[in-house]
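Visitor: Please read through the structure below; I'll follow up with questions.
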Amino acid sequence: MMTSQIKSKAKELGFDLVAFSPAKMEEKYLATYESWLKEGHEADMAYMQKIERRRDLTKTLPGAKTVIVL
């Protein structure tokens, strides 16, 4: 129920895509992300290097279970 309400509100606000992701990244995705960074694909987006913050978002957002991606 809440998922559909969030998607509806996001669309109303003009977002084309709405997705949901677990707050903790799976290791297989982290390995791919780390390789991507080592290859320099983040270019001048230095914030992408903050992998520890992306590894487990519950450290940044205690109690978070799901992340809304817009």
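Visitor: Since Asp44 meets every condition but one in (1) open to solvent by 100 Å² or more (accessible area, probe 1.4 Å); (2) free of Cβ contacts under 8 Å to residues at least 24 places away in the same chain; (3) in a loop (DSSP other than H, G, I, E, B); (4) closer than 20 Å to Leu70 by Cβ, which condition does it not meet?
Guide: Answer for Asp44: the failing condition is (4).
Visitor: Then there's this: Within segment 18-30, is even one residue out of contact with any strand residue (DSSP E or B) (no Cβ under 8 Å at 6 or more places or on another chain), in contact (Cβ under 8 Å) with a residue 40 or more places away in the chain and open to solvent by 70 Å² or more (accessible area, probe 1.4 Å)? First the steps, then the outcome.
Guide: From segment 18-30, those out of contact with any strand residue (DSSP E or B) (no Cβ under 8 Å at 6 or more places or on another chain) are 26-30; that's our starting set.
Okay, now just the ones that are also in contact (Cβ under 8 Å) with a residue 40 or more places away in the chain, so none.
Looking through segment 18-30, none of the residues is out of contact with any strand residue (DSSP E or B) (no Cβ under 8 Å at 6 or more places or on another chain), in contact (Cβ under 8 Å) with a residue 40 or more places away in the chain and open to solvent by 70 Å² or more (accessible area, probe 1.4 Å).
Visitor: Same structure again: Mind checking which pairs have a first residue in segment 51-69 that is more than 24 Å from Ser8 (Cα to Cα) and a second that is part of a loop (DSSP other than H, G, I, E, B) and open to solvent by 80 Å² or more (accessible area, probe 1.4 Å), Cβ under 9 Å, 6 or more apart or different chains?
Guide: The qualifying pairs are Glu52/Lys59; Arg53/Lys59; Thr58/Lys65.
Visitor: Is at least one residue of segment 12-25 among the aromatic types (Phe, Trp, Tyr) and either under 21 Å from Ala64 (Cα atoms) or assigned to a helix (DSSP H, G or I) (or both)?
Guide: Within segment 12-25, one or more residues are among the aromatic types (Phe, Trp, Tyr) and either under 21 Å from Ala64 (Cα atoms) or assigned to a helix (DSSP H, G or I) (or both).
Visitor: Could you list, in sequence order, the residues of segment 47-70 that are in a loop (DSSP other than H, G, I, E, B) and closer than 28 Å to Met2 by Cβ?
Guide: Taking segment 47-70 and keeping what is in a loop (DSSP other than H, G, I, E, B), we get 50, 57-65, 70.
Within segment 47-70, Leu57, Thr58, Lys59, Thr60, Leu61, Pro62, Gly63, Ala64, Lys65, Leu70 meet the criteria.
The values are calculated or read from the model by the stated rules, or taken from the named source; none is laboratory data. Remember, predicted model here, so these are calculated numbers, not experimental data. Methodologically, a virtual Cβ is constructed for each residue, glycine included, from the backbone with ideal geometry; neighbour enumeration extends over all protein chains shown. Just the protein is used for accessible areas: all its heavy atoms, side chains included, with ligands, DNA and RNA removed. Shrake-Rupley method; radii C 1.70, N 1.55, O 1.52, S 1.80 Å.
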